[in-house]
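Inspection log for the structure reproduced underneath, given as structure tokens.
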């Protein structure tokens, strides 16, 4: 009888020891969960966060394991992709070794620096004001710099794509990563094509950004680029609504005559040639449209209610298109 009792006690001790070591609850299933660990949090606070997320089942045992293993002051801050009901050694190792999760962000074609900053802030990756402050002073490669004053020197040169941002990355790190991606897209062959057409790299991206913002559909993109190139060639103001929208800062469904008279170097209704810099981040399709725009006699275009553009060679034809396609908007 004593032997049976001893075996039972030994079994209980083994189970308890396993719980102390592994801290797993056999009644819980494992599933992915993300947690944020702050630098100033105590072991007790971290243990409670993990317990609340069902990553561990007993915060007191976790704290004991943390201190007994000598890791109480070695946990790293950051976002972590963990699993519910993990073993305590695995949790401690993950937080100690500092393998934080990367945060994914999608930057669409046509986004401005301000829109990028807002999205990063919303996702908890970077504060909007920190990103914008860095964007004002970040130094681009010489061939990407403007010779005129711009709101944000990096505008247009942060390539639109999907990015995995490492936790803890600074705003300068994020800007540098996005700009490096733009540099990759601007291959030596592409740069040669740009130069062969008489564009500086900065002017090319500026024109591509206008095309990006004006064209909703691929079929229109090349003709819009052709119209802009023709206007530049003959010294005619671009009169791009995209430049006015950039000045306004927030999208406006229909621009007024007064909007086109806003005093700004970005106003392509008042000033001939290109604005001081890009008005958004152009994608590859917009850049290709500028490089391979067809020869055209068109000088005007207007969008209908669905975003399709209608082109005209003369102002009279353009007015007729406005009456037909835009008057009801």
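Computed quantities for the displayed model
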quantity	calculated
Cα→Cβ-extended label distance, 7 Å offset, between residue 185 and residue 96, nm	4.4
Full-extension gain in nm, residue 123 to residue 272, via 0.36 nm per residue minus C-alpha separation	49.7 nm
Taking N as its residue count, the alpha carbon Rg of segment 207-326 over 2.2 N^0.38 Å	0.98
Average Cα contact separation per residue, segment 175-325, under 8 Å, 6 or more apart, as relative contact order %	27
Model label zone, residue 317; criterion: amide N under 17 Å from point 7 Å along Cα-to-beta-carbon; scope segment 226-264	226-231
Rounded if a/c under 1.5, otherwise prolate or oblate - segment 103-185, Cα gyration tensor axes	prolate
Prolate/oblate/rounded call for segment 137-205, Cα gyration tensor, a/c under 1.5 rounded	oblate
Segments 212-220, 250-258, 273-281 sorted - mean Cβ within 10 Å per residue, highest first	273-281, 212-220, 250-258
Rel. contact order, % - alpha carbon contacts under 8 angstrom, at least six apart, the chain	14
Footprinting exposure proxy for 79, 309 (fewest neighbouring C-beta atoms within 10 Å first)	79, 309
Proxy reagent accessibility, fewest Cβ within 10 Å first, across 161, 209, 69	69, 161, 209
Potential extension, residue 69-residue 34 segment - 0.36 nm per residue separation minus Cα distance	10.2 nm
Dimensionless Rg/Rh of the chain - Kirkwood Rh, Rg from C-alpha atoms	1.22
Anisotropy class of segment 30-172 from Cα gyration tensor, a/c 1.5 cut	prolate
Exposure proxy order (Cβ contacts within 10 Å, fewest to most) of 82, 210, 140	140, 82, 210
Centre separation in Å (Cα based) which lies between segment 254-326 and segment 41-96	57
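No value in this document is a laboratory result; all are computed from the given coordinates. Every value quoted in this text rests on a predicted model; they were computed, and no experiment measured them. Note: ideal-geometry Cβ built from the backbone for every residue, glycine included; neighbour counts use all protein chains shown.
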